[in-house]
Structure formats: structure tokens, C-alpha cells
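Participant: Before anything else, here's the structure in question.
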Amino acid sequence: MKMTDFRKDFPLIANSKIAYLDSGATAQKPFAVLECMKNFYEKTNANPHRGVYKLSVDATNEYVAARQTVADFIGARSMDEIVFTKNATESLNLLAYSYGLDNISEGDEIILSIMEHHSNLVPWQMVAKKKHATLKYLYINKNCQIDESELEKITNKTKIVSITALSNVLGTKVDLDKIIKKAHAVGAKVIIDACQAVAHMPINVSDIDADFAVFSGHKIYAPLGIGVLYGKKELLEKMSPFMFGGDMIEYVYENDTTFAPVPTKFEAGTQNVAGAVGLAAAIKYLQNIGYEKICKHEQQLLEYAITNLKKLPYIDLYCTDELEKMAGVISFNMKGVHPHDVSSLLDGEGVCVRSGNHCAQPLLRFMGLDSTCRASISIYSNKDDIDKLIEALKKIYEKFKKYIG
Ligand SMILES: Cc1ncc(COP(=O)(O)O)c(C=O)c1O
């Protein structure tokens, strides 16, 4: 199997022996991103939108250019539709507080999938409780996919459908097209949690006609602390601010304030400009490689990993058997051994995988599980990483086999 080696672009792993299989939690950062941020702090750092002096104007220009890069990346019609936040969680809270509380009434329904990350679930529980609305879930079948019959839950009572594009536990790709069409047919708005998806597949918000979409920079090779909320401009314009303070205002009087136009209305206080600049650099890095290459590389690796994991009879896998319908992450357990023990012992062998409930307790409960191990792959993952994982699992099994039979 011939694979492109992107590893050399990532200082943390370029010369390291560890198999970093936790990019679904956070991805490593390439030189291109680190250099860009260093440059910003060394040459352009100033508070944007504040000063009229050149340095402040330069910082503003870099911030604006980053917003345009994000808008182009996800196919937004205008950069006014891009709000910078600190992560996907903040973007979803902004939507729950600002759009949810103002547009949901008693008796309305909010639809989620059972695969949602807590970030796209707990905020909607808050809205449902405060507004006496009902939360409904699209469940998955035994093959880890949402059956079309589940979409019948989207009715005239539905006001919001908030759904992941890619499960962070199962790697299931969700058929967004059908869900968005059904939701729009009943007048509901659709929020796409693209947090896992953007690293692995193109998301074009205009093509799919998403009303809102969110993601975190750190999962696509950008720094921690920068996130994105996309919203159709006409919706963002009608929404109330989420946080109040400097920069998000137009005129402030002793007892009243008018607000800046979108997106600034949603960006109170000094923003993470270096983060935005780093995110733009990460996007350009991704675009230089291209999704075609990324998908091919990652899909080959996913298949290789799943084929080899299936050869271990003591490993339970939790994923669809249609590999083209999944990406990025593989959840598994060793029969009879707690995932935290497996993960700890894997660490001893230089293999980093996540273990736990992956911030998706309702999903795991639905599947009759408490926790799993999760190996997640990215463009710098390679065949050696998977071989290390498999060999380490064999070693761990040898230790435990007398207890598990
Ligand atoms: C699908 C999904 N949504 C939302 C989040 C929340 O991301 P963050 O913690 O960066 O806000 C995650 C993080 O793992 C995720 O995988």
C-alpha cells in the first residue's frame, strides 16, 4: 500500500515514534500553521478594529482575510456569514441561546440524532426545558446508520433539526441531504455539526442549504481556541447578540445600545486574531493537499485498520459494515477488558487512543455500552501507526487472555 507521507509537516510527530491515533479529539499542527501564528505575533500583533495606526490596521486586515478564507472554504455566500467563536461548543451555545430561546415555543419540537456529541445535545436540553418544548431523537439501526423511516419524526411541530455530519464515536457519515430537505419542507431550520466532518470531507453549506453550521479549528490542524459559526445572513441579522461588550456595538447610551452589523454583533471583546490567522493557514494547508487526496489516504488507512482489527476475534468493532459510509474514527473494545485499561496499556506501547464515552453518553447507553476505545486517523496517520496498534492489542490480549478465556 503506497501512501503519501504528510508526517514531515507536523513537528510533534515528524521525528517521534508515537502512533498518534487521537486526531478526532484534537489534531496536531503543521509547520505552516505554527509559522503563520509566530509571524503574526512577531510582525502584526495589535488589537484589530480599535486603532487607526498601521499595525492595528494590519491586524484587522489579517483577521478579515481569515474570515474570507473560512467563508470560501465552506462555500458561504459572504464572509458576513462567518462568526468566529472559541470552538464548536461556543457556536452551538450561541445558537441555542440566541436562536433557540427566541424561536422555540411551548409544544415545539427539536430534533437531534442519538449520535450527537454533548455539545450538540445539552444546549438543546436547556432550550427544551426553558421553553417547554420536546426533544426528539433520530436513532440508528444495527448498522450504525439512520433509517429513512426515522425522518418521519420531522413534522410540522419541528422547528430545529441539529445534527452531526459525522459521528465522533462511530464514524458514520450522515445523509444530510435527505434530512435538510425534509426539515425545510416543514419550515424547520437545520444546524450542521461539522466538527468531525470538516477534517475528512468537503462541507459546502450553500450546496447542502444548511441554515447554520459549526466546527472547531483544532480538529483541522488549526490552533486550539478558535471556532466557527456559519449562519445564513438573513437569520444572523434577526438574532439577538449572545454576549455583550466592546466591539459588538454601534452606539452606546446610558440606558440603551444599538449593535454592530453581523458578524461583529456576535464577536464581543478582543478576538483570537492569531487563532483566526492560524485557522486560515490550516485551511490553506488542507486545500493545498485537496480533499480528494485526503479522502483517498484516510479511506485506505481506515480499510486497512478495520480489516486487521476484524482478524482479532477478541475485539468488538462498533461501526457500519459499509466502509464508504464512514470516515475518521474507529470505536472498538477488547472483550472483557475495560477500555481505560486497554488505552493505558496501548499508551505503554506508544499508541495514543481515546477511551471513554467520547462526550456521547446517550449514544453509548443506546448501544448498551459504557465506553469504548477510539482510534482516529488523519492525513499524517500511516500504516505503521495501525500496525503498532494491532501489535499492541495482540500483546495486551496475551496479558489478559487467561482472564477473558
Ligand atoms: C461531533 C462533535 N461536535 C462537537 C464537538 C465539540 O468540539 P469542541 O470541544 O472543540 O467545542 C466535538 C468534539 O469532539 C465533536 O466531535
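The values are calculated or read from the model by the stated rules, or taken from the named source; none is laboratory data. Source: prediction; values computed, not measured. Glycine gets a Cβ as well: all are built from the backbone with ideal geometry, and neighbour counts include every protein chain shown.
Residues are listed down the side, and each one gets a yes or a no for (1) among the acidic types (Asp, Glu); (2) under 17 Å from Cys195 (Cα atoms); (3) within 16 Å of the ligand (Cβ to nearest atom); (4) outside any helix (DSSP H, G or I):
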residue: Ala65; (1), (2), (3), (4): no, no, no, no
residue: Val83; (1), (2), (3), (4): no, yes, yes, yes
residue: Thr89; (1), (2), (3), (4): no, yes, yes, no
residue: Asn93; (1), (2), (3), (4): no, yes, yes, no
residue: Asp102; (1), (2), (3), (4): yes, no, no, no
residue: Glu116; (1), (2), (3), (4): yes, yes, yes, yes
residue: Lys136; (1), (2), (3), (4): no, no, no, yes
residue: Asn141; (1), (2), (3), (4): no, no, no, yes
residue: Gln145; (1), (2), (3), (4): no, no, no, yes
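Participant: Now for a separate question. When you go through Ser381, Ser331, Ser343 one by one, which is the residue that is within 16 Å of the ligand (Cβ to nearest atom), of a type in the set (S, T, N, Q), at pLDDT 95 or above and within 23 Å of the chain's Cα centre (by Cα)?
Facilitator: Ser331
Participant: Name the strands (runs of 3 or more DSSP E) wholly inside the range 179-270 in which the number of residues that are within 16 Å of the ligand (Cβ to nearest atom) is 2 or more. Spell out how you get there, then give the answer.
Facilitator: Numbers: elements: 189-193, 212-216, 227-231, 249-252, 257-259.
Fully inside the range 179-270 and qualifying: 189-193, 212-216, 227-231.
Participant: Would you be able to tell me the number of residues in the range 81-124 that are farther than 21 Å from Gly356 by Cβ and of a type in the set (Val, Ile, Thr)?
Facilitator: Here the count works out to 6.
Participant: Every residue in the range 204-236 that is without any contact (Cβ under 8 Å) to a residue 40 or more places away in the chain and either in contact with a strand residue (DSSP E or B) (Cβ under 9 Å, 6 or more places away or on another chain) or β-branched (Val, Ile, Thr) (or both), please.
Facilitator: Scanning the range 204-236 gives Ile208, Asp209, Ala210, Asp211.
Participant: Same structure again: Considering only the range 334-389, how many residues are outside any helix (DSSP H, G or I) and among the acidic types (Asp, Glu)?
Facilitator: So the count comes out to 2.
Participant: Taking the condition assigned by TED's automatic domain parsing to the domain that holds Ala188, in contact (Cβ under 8 Å) with a residue 24 or more places away in the chain and either of a type outside the set (A, V, I, L, M, F, W, C) or not in a helix (DSSP H, G or I) (or both), does Phe73 pass? Step through it out loud before you land on a result.
Facilitator: Values: assigned by TED's automatic domain parsing to the domain that holds Ala188: yes; in contact (Cβ under 8 Å) with a residue 24 or more places away in the chain: yes; either of a type outside the set (A, V, I, L, M, F, W, C) or not in a helix (DSSP H, G or I) (or both): no.
No: the conditions fail for Phe73.
Participant: Quick check on this structure: which one of Gly348, Gly356, Gly328 is loosely packed, with under 14 Cβ neighbours inside 10 Å and among the small types (Gly, Ala, Ser)?
Facilitator: Exactly one of Gly348, Gly356, Gly328 is loosely packed, with under 14 Cβ neighbours inside 10 Å and among the small types (Gly, Ala, Ser), namely Gly348.
Participant: Right, here's the next one. May I ask you to list pairs of residues, at least six apart or on different chains, whose Cβ atoms are under 6 Å apart, with the first in the range 162-176 being near the ligand (Cβ under 9 Å from one of its atoms) and in a loop (DSSP other than H, G, I, E, B) and the second being modelled with pLDDT of 95 or more and small (Gly, Ala, Ser)?
Facilitator: Ala165/Ala194; Ala165/Ala197; Asn168/Gly24; Val169/Ser331; Val169/Ala360
Participant: Out of all the residues in the range 291-308, is one or more farther than 27 Å from Asp9 by Cα and not in a helix (DSSP H, G or I)?
Facilitator: no
Participant: For the range 2-48, enumerate the residues that are small (Gly, Ala, Ser), in contact with a Lys or Arg (Cβ under 7 Å, 6 or more places away or on another chain) and part of a helix (DSSP H, G or I).
Facilitator: The answer is Ala14, and nothing else.
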